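Everything on this sheet refers to the single structure shown next.
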Amino acid sequence: MIDYLGYLLEGLLVTFELSFIALGIGMILGLAAALARTYGNKTASYLANGYIELIRGTPLTVQLFIIYFGLPSLGLLFSPTFSAIVALGINSGAYQAEYFRGALESIGGGQMEAALSIGMSRPKAIARVILPQALRLALPSWSNEAAYLPKYSSVAFLVTVPELLAKAKVVIAQNLKPLEVYLVVGLIYLVTIASLSKILDMMYERYKFTVE
Amino acid sequence: MGAGEEAIGGRRLTKVVIIRDLWKSYGKVEVVKGVSFDVDEGTTTVIFGPSGAGKSTLLRCINMLYHPDRGTVFLRDIDLMKVGDKINYYRSKFGMVFQHFNLFNHMTVLDNVMIGPKVVKKIPRDEAKRIALESLEKVRMKDWCSRYPSQLSGGQKQRVGIARALAMDPEVILFDEPTSALDPELIGEVLQTMLDLAKEKKTMICVTHEMGFARAVASEMIFMDEGAVVERGSPEHFFTNPVNERTKRFLSRLTELYGHHESRNRFVDEK
Amino acid sequence: MSSLFDVLLSQFTFIIEGLPVTLSLTAYGLGLGFLIGLPLAILRVYGGRRGRLFVAAYERAMRSVPPLVLIFLFYFGIQTTVFEIPGFLAVMLALGLCSSGYQSQIFRGALESVGSGQMDAARSLGMSRLQAIRLVIAPQALRFALPSWANELATMIKDTSLAFVVGVAELMRRADYVRAATFDPVIPFLVVAGIYFVIVFPITRIAGTWGREKKRLVAGV
């Protein structure tokens, strides 16, 4: 029997914690960047684009290290978990920005015209007409990102965060059975992500009908 | 007399295609129900009827793109249900022209027409090219041979489709609603090409609702509904005195939709 | 006293030597993913029901497991049971398998975009299914797959940075060396970020352009 399963699942909880908060950060950043790119003025759009391209053009590992090693040198001392969450959040934000931007642009045009023509201001139109529709449109790809975040979070192990992979290493140090333990870990990730996908899909299905 | 031949009034007619009791289902739904008919060499047979009547499926059973559940399909004296691995060889004896053209988008017009002779019949490149250019000449598309399908209009694409079928020198050409996906002003050029082929005594089986065309060149017309043959006969029979109630209803609906079939009959004098 | 420029330059020259390793890891990983992914995609689209289910499950699995886990699995798992596996090989296998899941998906979408009429037309000329796939379907599918595949290339380049955990001397590892040697925590990583960016950014840009072109192509079919 696998007696270390409980210990591993403690790591899974940390993984969830990382993913959940990072997802939230990513959503805020992503939405802001997408709005800036679609509706912002030149500077905002440029900055948002720079953020998106820079993050998507470099590996998550590098970003993680820059934040982990860099924050202290700015005098900000935070826990490894915090650094990991920040890095994951910033990273996820750039990818979410693309999903949101795609959705915003799909809705865009005619809806904006209609809203403006009844006298709404631009910000109002965005908030009340475009955004609600765009968020629903982006839901499938967003759910994808949400379900897969735990997988990306595994890099947090590199900066000593005690998540699933780190726990696995501890177990292996004791029972010296890397093949078995890594297979188990792989399976845990598989089941976790598959379940998350399924749950999000089901929520989407139910939500979809109340919208159309 | 060999199988598939019979003498009528002293003139020998060879049967090129013989279909007997053909059945095809998709899962539980029966799409083709016990269809039988013969096709004589050098003639045009028109199959028509409401959509969903199984006509496209029937056509695809003839060249064995779909394998019938029951029944026989004879190409001259060869039982296509029994040829096993050699089916690709016999399939190349049929030409097929599709409603949505299905030209190979990544190849030029010339390559589209050449690829059959080259790859299937293993004809050397230069000879295949000559054959292809000849076919394209016939459909008046030779000048477009280095263009790509995406650069052609619908009517042009369909004519290339016909050339592609012709290049294989088929025994029978199958047409699956060749003009249904075309804008009205482009239909004429394709029908003209088909008319030319009929006049050259090519054996053709056409699924179409172009009644003017049927009236001009068809030697037999078959009305199908819900997967079965309802009525068959010559064009005169259908346009002067159809028997079955369903046939009458369908023809009158066609007339409403497309205008009296006489008025679309550009070809009636050409017979 | 060396100026900032000198520091950057010396770090850069050291780190950049990892580039060939990064690139070859990318090539092998992507290649393995392609060799597995394309046949699986063909199996999924043209194979029977069981083929479809198997490939679907495989895709799911390969996309859900973190590359890091697979790297460790191969490196430490094989080392202790079979033979001394070099880090490079372990990473290549791990990243290749992960990529095969994505590439299978990409090619499946591309094959489905080609449309069943093309297969009908090819077979109506007398081609066998295999001939049809080789001459008609696959060439068109590869064109459709290009934008997504370019994206996968960009992702692979970034994922090779994980190789440093098993001692492969690619870009990331060399950056880490510099950090350890100079106690400079940030600049080496900024330098390596720059290097990655210069390589990856043009690829994603081209992928974007191809993506927009593809939309036009599909609409014109």
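The values are calculated or read from the model by the stated rules, or taken from the named source; none is laboratory data. All values reported here derive from a predicted model rather than from experimental measurement. Cβ: placed from backbone, ideal geometry, glycine included. Neighbour counts: every protein chain shown.
Observations on the model:
- Of all residues in segment C:76-111, those that are more than 19 Å from C:Ser161 (Cα to Cα), touching a Phe, Trp or Tyr at 6+ places or on another chain (Cβ under 9 Å) and more than 14 Å from chain A (Cβ to nearest Cβ) total 7.
- Looking at B:Gly161, B:Gly155, just one residue is under 19 Å from the mean Cα position of the chain (by Cα), away from chain C (no Cβ under 12 Å) and of a type outside the set (A, V, I, L, M), and that residue is B:Gly155.
- Segment C:190-201, residues that are facing chain A (nearest Cβ under 8 Å) and of a type outside the set (Gly, Ala, Ser): C:Leu190, C:Val192, C:Tyr196, C:Phe197, C:Val200, C:Phe201
- In summary, C:Val186 fulfils each of the numbered conditions (1) free of Cβ contacts under 8 Å to residues at least 40 places away in the same chain; (2) more than 18 Å from A:Ile66 (Cβ to Cβ); (3) surrounded by fewer than 22 Cβ atoms within 10 Å (Cβ to Cβ) with the single exception of condition (2).
- Scan of segment B:160-182 for residues that are in contact with a helix residue (DSSP H, G or I) (Cβ under 6 Å, 6 or more places away or on another chain) and without any contact (Cβ under 8 Å) to a residue 60 or more places away in the chain, ordered by number: B:Val160, B:Ala163, B:Ala167, B:Thr179, B:Leu182
- Taking segment C:31-88 as the region of interest, the helices (runs of 4 or more DSSP H) fully inside it that hold 3 or more residues being among the polar types (S, T, N, Q) are C:78-81.
- Matching residues in segment C:1-24 - criterion: being surrounded by fewer than 21 Cβ atoms within 10 Å (Cβ to Cβ) and β-branched (Val, Ile, Thr): C:Val7, C:Thr13, C:Ile16, C:Val21
- The set of residues in segment B:59-85 being among the basic types (Lys, Arg) and within 19 Å of B:Val97 (Cα to Cα) consists of B:Arg60 alone.
- Of all residues making up segment C:25-62, the number that are crowded, with 21+ Cβ neighbours inside 10 Å and among the charged types (D, E, K, R): 2
- Unmet criterion (only one of (1) surrounded by fewer than 22 Cβ atoms within 10 Å (Cβ to Cβ); (2) at pLDDT below 90) for C:Ala141: (1)
- Single residue of A:Val14, A:Val62 found to be more than 13 Å from the chain's Cα centre (by Cα), under 22 Å from A:Ala146 (Cα atoms), buried (at least 22 other Cβ atoms within 10 Å of the Cβ) and not charged (D, E, K, R): A:Val62
- Meets criteria (closer than 30 Å to B:Ser252 by Cβ, of a type in the set (A, V, I, L, M, F, W, C) and surrounded by fewer than 16 Cβ atoms within 10 Å (Cβ to Cβ)) for B:Ala181: yes
Condition check ((1) touching a Ser or Thr at 6+ places or on another chain (Cβ under 7 Å); (2) without any contact (Cβ under 8 Å) to a residue 40 or more places away in the chain; (3) over 19 Å from A:Trp142 (Cβ atoms); (4) facing chain C (nearest Cβ under 10 Å)) across all residues:
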residue	(1), (2), (3), (4)
A:Thr43	no, yes, yes, no
A:Tyr46	no, yes, yes, no
A:Thr61	yes, no, yes, yes
A:Phe65	no, no, yes, yes
A:Gly75	no, yes, yes, no
A:Ile90	no, no, no, no
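- Here the helices (runs of 4 or more DSSP H) wholly within segment B:198-271 that include at least 1 residues being modelled with pLDDT of 85 or more and within 16 Å of the chain's Cα centre (by Cα) are B:211-217.
- Taken over segment A:135-174, the criterion of being touching a Phe, Trp or Tyr at 6+ places or on another chain (Cβ under 7 Å) and more than 9 Å from chain C (Cβ to nearest Cβ) is satisfied by A:Ala138, A:Leu139, A:Pro140, A:Ser141, A:Trp142, A:Ser143, A:Glu145, A:Val159, A:Glu163, A:Ala166, A:Lys167, A:Val171.
- Among residues of segment B:134-148, those that are surrounded by 13 or more Cβ atoms within 10 Å (Cβ to Cβ), in a helix (DSSP H, G or I) and out of contact with any Lys or Arg (no Cβ under 6 Å at 6 or more places or on another chain), counted: 6
- Count of segment C:144-164 residues, restricted to those that are of a type in the set (S, T, N, Q) and surrounded by 23 or more Cβ atoms within 10 Å (Cβ to Cβ), is 2.
- Of all residues in segment C:171-199 being within 23 Å of the chain's Cα centre (by Cα) and of a type in the set (Lys, Arg), the one that is nearest to A:Ser83 (Cα to Cα): C:Arg173
- Within the option set A:Tyr46, A:Tyr51, being part of a helix (DSSP H, G or I) and surrounded by fewer than 15 Cβ atoms within 10 Å (Cβ to Cβ) holds for one residue only, A:Tyr46.
- The listed residue being aliphatic (A, V, I, L, M), at pLDDT 90 or above, surrounded by fewer than 22 Cβ atoms within 10 Å (Cβ to Cβ) and within 30 Å of A:Met202 (Cα to Cα), out of A:Leu183, A:Leu139: A:Leu183
- Segment A:112-186 holds helices (runs of 4 or more DSSP H) entirely within its bounds, and those carrying 2 or more residues that are aliphatic (A, V, I, L, M) map to A:131-152, A:164-175.
- Residue match in segment C:202-213 (condition: part of a helix (DSSP H, G or I), at the interface with another protein chain (Cβ under 8 Å from one of its Cβ atoms) and β-branched (Val, Ile, Thr)): yes
- Residue in segment A:99-114 that is more than 19 Å from A:Ala36 (Cα to Cα) and either within 12 Å of another protein chain (Cβ to nearest Cβ) or surrounded by 14 or more Cβ atoms within 10 Å (Cβ to Cβ) (or both) present: no
- Filter result (within 14 Å of chain C (Cβ to nearest Cβ), in contact with a strand residue (DSSP E or B) (Cβ under 7 Å, 6 or more places away or on another chain) and of a type in the set (Ser, Thr, Tyr)) within segment B:37-95: B:Ser56, B:Thr57, B:Tyr66, B:Tyr90
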